[in-house]
Amino acid sequence: ETASYTPQCGVSVETGKSDDQSEEYYVNVAVTSNLPSVYRYLVFVVEDGIVAEQTGDPDYVHYNVVRAVLTSEKGDKINDNLPLTVGVEARAVKTFVPDPSWNKDNLRVVVAATTSADGGYTFVVNNVAECGLGGSVSYQYAE
């Protein structure tokens, strides 16, 4: 069903340390739309390369393990829950401190922009962007 939806927004992400003295990281989220829609956004911190037993294999390597969800389960409101102005960027910032047991070299931040067609009861992911911790991705991925 979602294959029939017309793409309507772009997502960019920038992450980094809040300052050199802190273990806190920031996640800057930006959404730009080509339709005047109300959006929410989800932010996940995931880790790759975790070796742990699964189905009898003690050396099974897990990927995309969700370490933290920085937003509510339905996503956080962006642009004061007002429809985005076409072509005008809406921004939000989240912060978090990675647990010392997490491998920061294997952490990624995944951001999804969602919209609702039923007045806010259910949401559909409209676009997703991801980058490594300390990295960034603009609206278009470089090849």
What are the ³J(HN,Hα) couplings of segment 118-135, residue after residue, when phi is run through the Karplus curve with 6.51, -1.76, 1.60 and θ = phi - 60°? Round to Hz, x for glycine and proline.
10, x, x, 7, 10, 10, 10, 5, 9, 6, 9, 9, 9, 7, x, 4, x, x
If amide hydrogens are placed 1.01 Å from N in the peptide plane, which non-local residues have theirs closer than 5 Å to the one on S37?
L84
Highest-first arrangement of 27-34, 79-86, where packing means the average Cβ count within 10 Å:
27-34, 79-86
From the Cα gyration tensor of segment 1-64, with a ≥ b ≥ c the square roots of its eigenvalues, which class applies: rounded if a/c is under 1.5, or else prolate if a/b is larger than b/c, or else oblate?
oblate
Magnitude of the Cβ-charge dipole (Lys and Arg +1, Asp and Glu -1) of segment 47-143 about the Cα centre, nearest 20 debye, reported as 440 debye
Taking only C-alpha pairs under 8 Å that are 6+ residues apart, what is the relative contact order of the chain in percent?
33 percent
Where Lys and Arg each count +1 and Asp and Glu each count -1, what net charge lies around N28 among other residues with Cβ under 13 Å from its Cβ?
+1
Bin all alpha-carbon pair distances of the chain at 5 Å intervals from 0 and give each bin's fraction as a whole percent.
2, 9, 18, 20, 17, 14, 10, 6, 3, 1, 0
Please report, as a whole percent, how much of the solvent-accessible surface of the chain comes from carbon and sulfur atoms (probe radius 1.4 Å).
48 percent
Please work out the average accessible area per residue across the chain, using the 1.4 Å probe convention, and give it in Å².
59 Å²
The answer for the per residue Cα convex hull volume of segment 77-143, in Å³, is 141 Å³
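The values are calculated or read from the model by the stated rules, or taken from the named source; none is laboratory data. Quick caveat, the model's predicted, so the values are computed rather than measured. Every residue, glycine as well, gets a Cβ built from its backbone with ideal geometry; the counts of neighbours run over all protein chains shown. SASA here: full protein model, heavy atoms, side chains in, ligands and nucleic acids out. Shrake-Rupley method; radii C 1.70, N 1.55, O 1.52, S 1.80 Å.
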